[in-house]
1. Could you pull out the residue among ILE147, ILE190, ILE196 that is more than 20 Å from GLU315 (Cα to Cα), in a loop (DSSP other than H, G, I, E, B), aliphatic (A, V, I, L, M) and over 29 Å from the mean Cα position of the chain (by Cα)?
2. Among the candidates GLU109, GLU105, GLU75, which residue alone is farther than 22 Å from GLY314 by Cβ, under 18 Å from the mean Cα position of the chain (by Cα) and not aromatic (Phe, Trp, Tyr)?
3. Of the residues in the range 294-348, how many are of a type in the set (S, T, N, Q) and either surrounded by 23 or more Cβ atoms within 10 Å (Cβ to Cβ) or not assigned by TED's automatic domain parsing to the domain that holds ALA216 (or both)?
4. Please work out which one of (1) buried (at least 20 other Cβ atoms within 10 Å of the Cβ); (2) in the same structural domain as ASN322 (by TED's automatic domain parsing); (3) touching a residue at least 40 places away in the same chain (Cβ under 8 Å) is the condition PRO224 fails and give its number.
5. When residues of the range 217-275 are filtered for being in contact with a His (Cβ under 8 Å, 6 or more places away or on another chain), assigned to a loop (DSSP other than H, G, I, E, B) and within 18 Å of ILE202 (Cβ to Cβ), how many remain?
6. I need every pair where a residue in the range 258-276 that is surrounded by 12 or more Cβ atoms within 10 Å (Cβ to Cβ) has its Cβ under 6 Å from the Cβ of a residue that is at pLDDT 95 or above and among the charged types (D, E, K, R), sequence separation at least 6 or different chains.
7. Let me spell it out: the conditions are (1) within 25 Å of GLU119 (Cα to Cα); (2) crowded, with 21+ Cβ neighbours inside 10 Å; (3) β-branched (Val, Ile, Thr), and VAL156 meets all of them except one. Which number is the exception?
8. For THR239, indicate whether it is at pLDDT 95 or above, within 24 Å of TYR177 (Cα to Cα) and within 26 Å of the chain's Cα centre (by Cα).
Amino acid sequence: MIIKIIHYISFILLVHCFSCKDKVSAEPTPEPKVPNEQPDPLDMPFSKGVNLSDWFLANSAEDIGKTVYKKTDFEQIKSLGVDVVRVPVRFFRMTGPAPDYALSEVFFEKLDYALDLAEEVGLHLIIDNHSYFSSTPFPQAYGEQQITKVWEQIAVHCKDRSALIHYELFNEPDGNYMATEWPAMQGRMISAIRAIDSTHTIIVGGADANGIEALAHLPEYDDPNLIYTFHFYDPFLFTHQGASWTNPSLEVSGNVPFPYNAATMPAVPPALVGTSFGALYDSYAVEGTIGALKNQLDKAISFAKARNVRLFCGEFGVLMNNAKNTDRCQWYEVVRTYFEEHDIAWTTWDYHNSFGLFVPGEQYRFDVDLNVPLLEALGLNVPPTYNSDGPPNVSIYTDELSGGMTNESHEPSGSLNFADESISYEGLKSIRWQIGDQWSSIGISIWPTFDLEAQYDADYKLRFAIKSPDKANLQVRFVQYKEGHLPWRNAVTLTDAAYSDQDEWTVFTIPLSDFGETGAVSNGYHEPIGAFTWRAINRLEFAVEGNEDLVGAVLHLDHIAIIK
């Protein structure tokens, strides 16, 4: 069948295929290592990844959102070029009472879900014991017994899992007690695990919150399958500007440059004068340089060479609150490239949240909200939905609705199927719409709302494929949502002259600039007043709008996106 592709304005026959630009392709899943493979002591099993900090950091097993991450999320993460995820678990909140400190079936069900996802997709997964820190000090009376019992249970449960799974004994042990007791305690935990599981890699680190200098105070553990970890947030004034949890608060700090630049360096905020953080401003000319950053990392590198061990930075990052994105990305690029030059594996803190890979906000939509300059600074893949010379494309429907979108249609007497397998323009499925009355409509709800102003300014287009009988003069419209405002609409009308022959697919590419305001419907109709804005779009609709000739007709829609 010949498919005619028609531009809405000129109806010029296009020869470009749209099928490749809009899909995120995942790399082939590697065959996971089997558990009884003994790795070379210097063979790093993974290289780069992210922390999933918003998953298992809960106060009980019941509070863990099992499906916060799904297979699609793991596939998207892997498509960035990532090969490992670190999953922090608040184990000290997951156990029952002494002396068994039992982990519940509810917990193991959720843990298995995460491990299954990782193994199915082919990502390494680090089970990170994220217990006791700062305001919750390590309980000297029972802490070692509790955490040892946890690891014995994890070892029993996971010993037959693939070598994609790794154990990290303790995140950021801190305080005076741990400074002296942790090195030997860690050795006892290694022995407890090895009595059960002799094959899985164990990640070990020093006290002082996994500080670099603390590595030198660790004994030489008699185990060939260890990875040594540290965390890196230097210079602290730069990486934590805007932080609210420090004492005193760094919310008043901002625009601290990296590297140090005397011309742009801000003065000490009055609230920090005379404090330890105020002193960081005074020393930043020395500590805020690339040379100082590398000198600090050289201590970890020298340790690894002297011990002939593998090295892993489990956390590093810059809070996005008050740092300039260009400086933030510069810091990441310097750190990441130095890691790679010295064979240091890493997981950035974090994927979502305020240190994450997304632009500021709480939306985290993979196709539109990633911080592209940050991905580039980290040497990660930029998804093909993002254009190098403009804002990202927005996928709406190909086989299924994209993330954050739902079907909210008005079809009282016909039928709708958003996963019809009888025919498709691209892929396996399409939207099948049998029109029931002259006011039927398909509504795709978008939440959180999309800000399409950048796409509008850059002359982007709404593209969709439709297979329709003659006279399908539908209205296609975007609807905005702003609290306290009317739902103003911008629309175009498809005329029958624009279609291909009956029973063939037609692909429309309609410039956003061709849409015109058509008023609002809320407790009656409201005439347009020029109030529509592209900054808060929450619906895309295809509506019959009084066309009696289409009642009973069957239409198919597919391949819906906003493209450059």
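1. Details: ILE147 fails: in a loop (DSSP other than H, G, I, E, B); ILE190 fails: in a loop (DSSP other than H, G, I, E, B).
That would be ILE196, the only listed residue that is more than 20 Å from GLU315 (Cα to Cα), in a loop (DSSP other than H, G, I, E, B), aliphatic (A, V, I, L, M) and over 29 Å from the mean Cα position of the chain (by Cα).
2. Numbers: GLU109 fails: under 18 Å from the mean Cα position of the chain (by Cα); GLU105 fails: under 18 Å from the mean Cα position of the chain (by Cα).
Exactly one of GLU109, GLU105, GLU75 is farther than 22 Å from GLY314 by Cβ, under 18 Å from the mean Cα position of the chain (by Cα) and not aromatic (Phe, Trp, Tyr), namely GLU75.
3. So in the range 294-348, the residues of a type in the set (S, T, N, Q) come out as 295-296, 302, 308, 321-322, 325-326, 330, 337, 347-348.
Keeping just the survivors that are either surrounded by 23 or more Cβ atoms within 10 Å (Cβ to Cβ) or not assigned by TED's automatic domain parsing to the domain that holds ALA216 (or both) gives 347-348.
Matching residues across the range 294-348 total 2.
4. (1)
5. Matching residues across the range 217-275 total 1.
6. Listed by first residue and then by second, the contacts come to PHE258/ASP327.
7. Evaluating VAL156 over (1) within 25 Å of GLU119 (Cα to Cα); (2) crowded, with 21+ Cβ neighbours inside 10 Å; (3) β-branched (Val, Ile, Thr) leaves (2) as the failure.
8. The answer is no for THR239.
The values are calculated or read from the model by the stated rules, or taken from the named source; none is laboratory data. These numbers come from a predicted model, not from an experiment. Cβ sites come from the backbone with ideal geometry, for glycine too, and all protein chains shown count toward neighbours.
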